[in-house]
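I have placed the structure first, in the form of structure tokens, so that the comments after it can refer back to it.
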Amino acid sequence: MEAFTIENAYVRRDGRYILSGVSVRAEKGEHIAIIGPNGAGKSTLVDVIARRTYPLALDEYRSSILGEERWMILDLRKRMSLVSPSQDSFFQTTYTAREIVASGLHSSLGFDFHHVVSQEDWEKADIELRKVGMDRLGDRAMNTLSTGEKRRVLLARAAVTDPEILLLDEASSGLDFPSRADLRDTIASYTTGDRTLVMVTHELAEILPSIDRIILMKDGRIVMDGTKEGTLREDILSDLYGRKVMVACRNGIYTAFS
Ligand code: ADP
Ligand code: MG
């Protein structure tokens with residue numbers, strides 16, 4: 001069963017292609033990591049999948065999500081969630097953590113006079129806040145939380161709709177070392193059922209054991225798409241990053257250094 005399909009995505013900014021004919025298809029239940037140097041187009045691809053960015057409307061372009069090409073964007077937001085530091089400023093508000101999570105159920109930023117919020121909505125929000133260890137800070141305004149606390153709230157918001165597709169774009173950026181380990185456990189707890197996970201990361205150590213497909217990007221293109229064993233290799237990563245990279249693997253967790 002298809003989670004999403006993107007065919008021939010071209011995105012141009014400032015007269016330059018930042019995505020050049022990218023095609024990718026994911027099945028339900030697949031866990032995928034996207035890696036590549038800064039500026040490779042990883043975030044752009046994730047935004048295209050999430051329909052935050054629309055590629056050039058060429059005849060060859062096609063995009064389908066959960067078997068449908070056309071979506072009402074607010075419906076799609078409940079089935080596919082994105083966590084990205086590029087949204088941080090958007091959530092820098094006086095709404096409480098609890099409101100930010102509960103309003104994920106309404107695809108809105110906090111609540112307005114026209115929203116009808118049920119007891120069940122608040123209960124779902126509380127369950128997700130508890131899972132990320134933020135239940136005690138539920139009544140705190142978002143703009144008073146630390147980076148790590150905010151990121152956990154945004155993960156809870158992403159999960160509250162029980163989405164079929166979860167997109168995480170450098171979700172651990174700005175977090176301290178123990179918080180990153182927590183985050184990995186949280187993400188692991190989100191990979192249940194046949195949920196599809198796509199994560200962009202710079203830290204190979206964050207690639208969960210359940211992730212078995214790696215997409216390598218460079219210069220707006222997918223340069224490789226394969227298994228961990230086939231892609232997380234010194235020769236391939238050295239070529240990708242343009243400098244000597246060393247790779248180690250222990251208990252299914254990879255680390256790279258250069
Ligand atoms: P990555 O996430 O792999 O680091 P991005 O997808 O964020 O890369 O960006 C790919 C390239 O596109 C970068 O060189 C970035 O500077 C450029 N880019 C992204 N958005 C814009 C924009 N709105 N205007 C001009 N250039 C952009
Ligand atoms: Mg990026």
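The values are calculated or read from the model by the stated rules, or taken from the named source; none is laboratory data. What you see is a predicted model, and the numbers here were worked out from it, not measured in a lab. Backbone-built Cβ (ideal geometry, glycine too); neighbour counts: all protein chains shown. Side chains are part of the model used for accessible areas, which takes the heavy atoms of the whole protein and leaves out ligands, DNA and RNA. Shrake-Rupley method; radii C 1.70, N 1.55, O 1.52, S 1.80 Å.
Observations, loosely collected:
- Check on Asp47, under 12 Å from the mean Cα position of the chain (by Cα), within 15 Å of ligand 1 (Cβ to nearest atom) and acidic (Asp, Glu): yes
- The residue that is farthest from ligand 2 (Cβ to nearest atom), counting only those in region 26-37 that are of a type outside the set (A, V, I, L, M, F, W, C) and outside any loop (DSSP other than H, G, I, E, B), is Glu27.
- Test: residue in region 75-84 that is among the aliphatic types (A, V, I, L, M), within 16 Å of ligand 2 (Cβ to nearest atom), assigned to a loop (DSSP other than H, G, I, E, B) and surrounded by 18 or more Cβ atoms within 10 Å (Cβ to Cβ): no
- Answer from Ala102, Ala57, Ala125, Ala40 - the residue that is crowded, with 21+ Cβ neighbours inside 10 Å and either touching a residue at least 60 places away in the same chain (Cβ under 8 Å) or not in a helix (DSSP H, G or I) (or both): Ala40
- The one condition in (1) within 17 Å of the chain's Cα centre (by Cα); (2) at pLDDT below 90; (3) away from ligand 1 (no atom under 16 Å from the Cβ) that Val132 fails to fulfil: (2)
- Just one of (1) away from ligand 2 (no atom under 15 Å from the Cβ); (2) open to solvent by 40 Å² or more (accessible area, probe 1.4 Å); (3) more than 27 Å from Leu145 (Cβ to Cβ); (4) at pLDDT 95 or above fails for Tyr95. It is (3).
- Hey, Ser23 in a strand (DSSP E or B) and open to solvent by 30 Å² or more (accessible area, probe 1.4 Å) or not: yes
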